[in-house]
Amino acid sequence: MNDFPGPLSAEAPPPPIGPEIQLLPRRRPWYRRPLTVIGILFGLMFAWLAVTAPLSKSLQPIAAPGIVLLSADGKPIARRGAITDQPVDVTELPRHVQEAFLAIEDRRFYMHIGVDPWGILRAAVRNTLAGDVRQGGSTITQQLAKLSFLSSDQTAGRKLREVFISLWLETWLSKEEILSRYLSNAYFGDNVYGLRAASRRYFSKDPKDLSIGEAAMLAGVVKAPSRLAPTVNFEGARKRGRLVQAAMVEAGYLTEREAERVRRVRLKPTPMPNMPTGTYFADWVLPQAREFAGGGYGEQTVQTTLDSRIQRMAIGAVQRARLGKAQVALIAMRPGGEVVAMLGGKDYARSPFNRATQARRQPGSTFKLFVYLAALRAGMTPESKIDDTPLTIGSWSPKNHGGVYRGRITLREAFAVSSNVAAVRLAERVGRDEVIRAARDLGVTSPIPDDPSIALGTSGMTLLELTRAYAAVAFGSYPIAARGLPEQDDSWFGRFWSNKRRFSGDNDEMMLDLLWNVVHRGTGRAANLRAETFGKTGTTQDHRDAIFVGFAGDLVTAVWIGNDDNSPLRGIQGGGLPARIWRDFMSQAVRTPAPKEDHKPVVREAPPSAKQPDEPPVYTVPIEGTGIDVGVQIGNEGMTISAKPSTPREDSPPPPPGELPKITLPLPPSDEGPPPKEG
């Protein structure tokens, strides 16, 4: 018989099997939750350290390694940066070298975990008894953390980070690795970083050959390297070395007898090369050289494009010029952009400010290169006509120099005599945006406002930008990148994506036409060389800047003269002293071959059209009662006086029979007579 009256319900509870037992939730020990929180915090801390303090950084030198810059012909021209060398490995060093540093810096190095509470307490007690700070409590691991990862500020936050990073280093590096990295980064005074560099600098030997006395002296220098550098304060370094020897005895690394037998240390410094730490060119090229050299220990040499012979020629040309209080800048580059000479002022020691690369000054009429290039792009030619007559745009009326206007003239003549009103007319005709585009295409990056006066060079730019632009015309392609390091061979991918472009049509040849006429028939005659010469003069408002930019042979050179306070120059124009400095320099430099045997000089020749004289206007004066008109024509070769029959009129006498006379009076030679004034 069934003991249950009916079927079991799905919702009914099962029948009890035994006495009912109530289960309570199990409590965790009170200490488990704080430990979990601490574990999470340490995990987050180590994750943060892995990002902010990568171990690889402790292998990097803390100071930028020294770089020796070489000229293109292999001569040292400047040295920059710290004196460093390859890192050391303590397992390869004599025990007394390690022990000297451990005795004075961290005797419990092999016993602590990166932070030494006992050492901190001991230092605090000794400093309290002494009344000032005599001993530090930082371990070698903490010092490595501070050298490699932290700044020198003394805040509580920085000290806490130092402790965390020290624990991090001790977790992942062996004691020998920590000590090796510390000795490779420590500062030993006299701009020397690392034990290997210090032993070679002060004793002319490798660290493995250091004596006990030499090792003790170097270990003692670390406390106050600037004050105790042996080359600066040898007696102070010697006293500190004896203190380190006493610490080695106290730590048990030396016996009293061994300490007494330590030989007297003698300084044998390695002579440093006698070269400047800075020049205008070195300051400019150093960022490129750093990137090229990369990181790592040890002094590195980087060859530059500077030609020491051409640089001396530039210095000589500037020194021979009578500049007075005015400053000067000069840049010479190959048409491909290699800078071979650079002067940013008269005297680097007195003024290291580089006026060739840092100063933005008005280029004056040298800016007209972009105006005329825009006109040529618009379909005009050197034979096209432009009015050289007074002009007013809004409330502004540009003027030619001396108020001289020539009527309707060719672009060739307008560019040669540097007519201001003609340049403004051209810019307005082709559009200022096209003028700005031409400047941008040729490498000008400085701001250029959309203003009618830009045609006269009123927007500032650096002399380097201007030189790059003229180099583009000399080379026949643009833009030209100015560089101070030899060109690296581009990959096919780099060549494929190159932004270099050639001038379209005959624009390059027509620009050569214009630039040739400036030097041979215009404002730049003072710069004319026996070689084919091209250039442009520039003088800014109130004679505040005077510039000549040009090229001959395989050199493009720009010369600027001005005052740092932007005050006017006295009687100096671009076609005067700058052009003469340019000629003095270039007459020597264009005969100097490029240092590379495979260098192919870019020698440009003026197109035949440039050497064909324009037909100057004839000013006709009738002679009353004779039936004859006398024409006066002032050309490039001289002044021609001619006569011809007057236009017949009812009351005029008949013209005389036969040919009428024509007389030509030659002008003085171009290098003796003054060139026409700009504008």
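Select from the stretch 384-402 the residues that are outside any strand (DSSP E or B), open to solvent by less than 50 Å² (accessible area, probe 1.4 Å) and either basic (Lys, Arg) or without any contact (Cβ under 8 Å) to a residue 60 or more places away in the chain (or both) and list them in ascending order.
Selection gives Ser384, Thr389, Leu391, Ser397, Pro398.
Tell me, please, whether a residue that is open to solvent by 50 Å² or more (accessible area, probe 1.4 Å), in contact (Cβ under 8 Å) with a residue 12 or more places away in the chain and within 30 Å of Met342 (Cβ to Cβ) can be found in the stretch 429-437.
yes
Please go through the stretch 197-222 and pick out each residue that is free of Cβ contacts under 8 Å to residues at least 24 places away in the same chain and in a helix (DSSP H, G or I).
Matches in the stretch 197-222: Ala198, Ser199, Asp209.
Tell me the residue from Ala251, Ala237, Ala259, Ala224 that is among the small types (Gly, Ala, Ser), over 45 Å from the mean Cα position of the chain (by Cα) and open to solvent by less than 30 Å² (accessible area, probe 1.4 Å), please.
Sole residue among the options that is among the small types (Gly, Ala, Ser), over 45 Å from the mean Cα position of the chain (by Cα) and open to solvent by less than 30 Å² (accessible area, probe 1.4 Å): Ala259.
Quick one: in the stretch 295-337, which of the residues that are part of a strand (DSSP E or B) and at pLDDT 95 or above is farthest from the chain's Cα centre (by Cα)?
Once the filter is applied, the top-ranked residue is Gln327.
Are any of the residues in the stretch 333-344 over 20 Å from Arg79 (Cβ atoms) and acidic (Asp, Glu)?
Yes, that holds for at least one residue.
State all residues of the stretch 358-372 that are in contact with a strand residue (DSSP E or B) (Cβ under 8 Å, 6 or more places away or on another chain) and surrounded by fewer than 24 Cβ atoms within 10 Å (Cβ to Cβ); if no residue qualifies, say none.
Ala359, Arg360, Arg361, Gln362 - these are the residues of the stretch 358-372 that are in contact with a strand residue (DSSP E or B) (Cβ under 8 Å, 6 or more places away or on another chain) and surrounded by fewer than 24 Cβ atoms within 10 Å (Cβ to Cβ).
Give all pairs with beta carbons closer than 7 Å in which a residue from the stretch 74-85 that is touching a residue at least 40 places away in the same chain (Cβ under 8 Å) meets a residue that is among the acidic types (Asp, Glu) and surrounded by fewer than 19 Cβ atoms within 10 Å (Cβ to Cβ); count only pairs at least 6 apart in sequence or on separate chains.
Matching pairs, first to second residue: Ile83/Glu299; Thr84/Glu299.
So Asp347 clears everything in (1) charged (D, E, K, R); (2) in contact with a helix residue (DSSP H, G or I) (Cβ under 6 Å, 6 or more places away or on another chain); (3) free of Cβ contacts under 8 Å to residues at least 12 places away in the same chain except one condition, right? Which one?
(2)
Within the stretch 452-490, which residues are modelled with pLDDT under 95 and acidic (Asp, Glu)?
Glu487, Asp489, Asp490
Only one of Asp508, Asp565, Asp545 is open to solvent by 10 Å² or more (accessible area, probe 1.4 Å) and touching a Gly at 6+ places or on another chain (Cβ under 6 Å); which?
Checking each option against the conditions leaves just Asp508.
Quick one: Tyr405 ticks every box in (1) part of a loop (DSSP other than H, G, I, E, B); (2) of a type in the set (Ser, Thr, Tyr); (3) open to solvent by less than 50 Å² (accessible area, probe 1.4 Å) bar one, so which box is it?
(3)
Can you list residue pairs whose Cβ atoms sit under 7 Å apart, with the first residue in the stretch 506-525 being more than 16 Å from Glu383 (Cβ to Cβ) and in contact (Cβ under 8 Å) with a residue 24 or more places away in the chain and the second being among the charged types (D, E, K, R) and in a helix (DSSP H, G or I)? Count only pairs 6 or more apart in sequence or on different chains.
Note: pairs meeting the criteria are Val519/Arg525.
Being among the β-branched types (Val, Ile, Thr), closer than 20 Å to Thr540 by Cβ and modelled with pLDDT of 95 or more narrows it down to one of Thr366, Thr381, so name that one.
The unique qualifying residue is Thr366.
Which condition number does Val249 fail, the rest of (1) modelled with pLDDT of 95 or more; (2) outside any helix (DSSP H, G or I) being met?
(2)
Going through the stretch 507-545 one residue at a time, which ones are under 12 Å from Tyr372 (Cβ atoms) and not in a helix (DSSP H, G or I)?
Lys536
Being open to solvent by 10 Å² or more (accessible area, probe 1.4 Å) and assigned to a helix (DSSP H, G or I), is that true of even one residue in the stretch 184-196?
Yes, the conditions are met somewhere in the stretch 184-196.
Scan the stretch 450-476 for residues that are open to solvent by 10 Å² or more (accessible area, probe 1.4 Å) and in contact (Cβ under 8 Å) with a residue 24 or more places away in the chain and jot them down.
Pro452, Ser453, Leu456, Thr458, Gly460, Thr462, Leu463, Leu464, Arg468, Phe475
The values are calculated or read from the model by the stated rules, or taken from the named source; none is laboratory data. Keep in mind that what you see is a predicted model, and the values were worked out from it rather than measured. Note that we place each Cβ from the backbone using ideal geometry, even for glycine, and neighbour counts take in every protein chain shown. Just the protein is used for accessible areas: all its heavy atoms, side chains included, with ligands, DNA and RNA removed. Shrake-Rupley method; radii C 1.70, N 1.55, O 1.52, S 1.80 Å.
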